[in-house]
Structure formats: structure tokens, C-alpha cells
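Structure first, then comments.
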Amino acid sequence: MSMPSFSMPHLPSIHKFDIQQGNVINQEMIDQLKPGMTKSQVRFIMGTPLVADTFNENRWDYYYSLVPGKGDEVRERVAIFFDDDKLVGFRGDYIPSALAPPPAAAESAVEDGATDTE
């Protein structure tokens, strides 16, 4: 007597939602920032900062994370600095397009072993 063969029915996969948190940051926004802009001008371009330090009113932090249902997680960060309520600089995952090296220069710098331009 042989055992009847059973096959498992195909179960539908679980749908996972994309989870976004924080401020969306993109290159176009960063390219609009100019030294000397007021806090309200920066807020108009970037939106309200996710973290505004109550102990240091001259620093705003913007964070963005995306956990897609499928694929790799994305995290981006930009810190913006003010002096006397005027934009003096920022750092993070983006740099202004005007300061970015042209693609050919970046490739030759990597080939030459150069890693920092400062």
C-alpha cells in the first residue's frame, strides 16, 4: 500500500508596506541652499527640520529613511548650520552640484588613489 502524495497549496505572499520617516531630501533642494539665507528661507526649501536642538539653535538636522517592502533600506541625513540666523554651511549625504567634481575628474582621482580634496 502506498501513501497518497500531497502537495502544499501555494500560499499568497505577505504584502509589506513601504515605511517612510522624516524629511524627504533631494539634490534639487540642496542646490537651492546658498550662504546667507535666513532660517525661514531654508525652512521654505527644506521643510521643518526633524530635529531642532533646543540647546543649539544654530543647527538643524534633517533625516530621511525608507524601508521598502522589497529592496534595500535607504537612510539620508543633512545637518544645516546657522550663525546669526544666516546659513553658513551644511554637511551630510549631499553636496551642492556646483561643488561636486565632474564625473571624469572623480574617476581619475579614484584611479590615482586620491580620496580627499581638502
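Miscellaneous remarks
- Any pair with Cβ under 7 angstrom, 6 or more apart, that starts in region 37-56 at a residue that is outside any loop (DSSP other than H, G, I, E, B) and ends at one that is loosely packed, with under 14 Cβ neighbours inside 10 Å and among the acidic types (Asp, Glu): Thr38/Asp85; Lys39/Asp85
- Within region 62-84, considering residues that are outside any strand (DSSP E or B) and out of contact with any strand residue (DSSP E or B) (no Cβ under 6 Å at 6 or more places or on another chain), the one most open to solvent (accessible area, probe 1.4 Å): Lys70
- If you filter region 85-100 down to residues that are in a strand (DSSP E or B) and open to solvent by 50 Å² or more (accessible area, probe 1.4 Å), you find that the one that is modelled with the lowest pLDDT is Phe90.
- Of everything in region 20-44 that is surrounded by 16 or more Cβ atoms within 10 Å (Cβ to Cβ) and among the hydrophobic types (A, V, I, L, M, F, W, C), the residue that is nearest to Arg77 (Cα to Cα) is Ile25.
- Residues of region 9-25 that turn out to be among the small types (Gly, Ala, Ser), part of a loop (DSSP other than H, G, I, E, B) and at pLDDT 85 or above, as a count: 0
- Ser13 vs. criteria more than 21 Å from Ser97 (Cα to Cα) and open to solvent by 100 Å² or more (accessible area, probe 1.4 Å): yes
The values are calculated or read from the model by the stated rules, or taken from the named source; none is laboratory data. Just so you know, these numbers come straight off a predicted model, no measurement behind them. Virtual Cβ from ideal backbone geometry, glycine too; neighbours counted across all protein chains shown. Areas reflect the complete protein model, heavy atoms only, side chains present, ligands, DNA and RNA absent. Shrake-Rupley method; radii C 1.70, N 1.55, O 1.52, S 1.80 Å.
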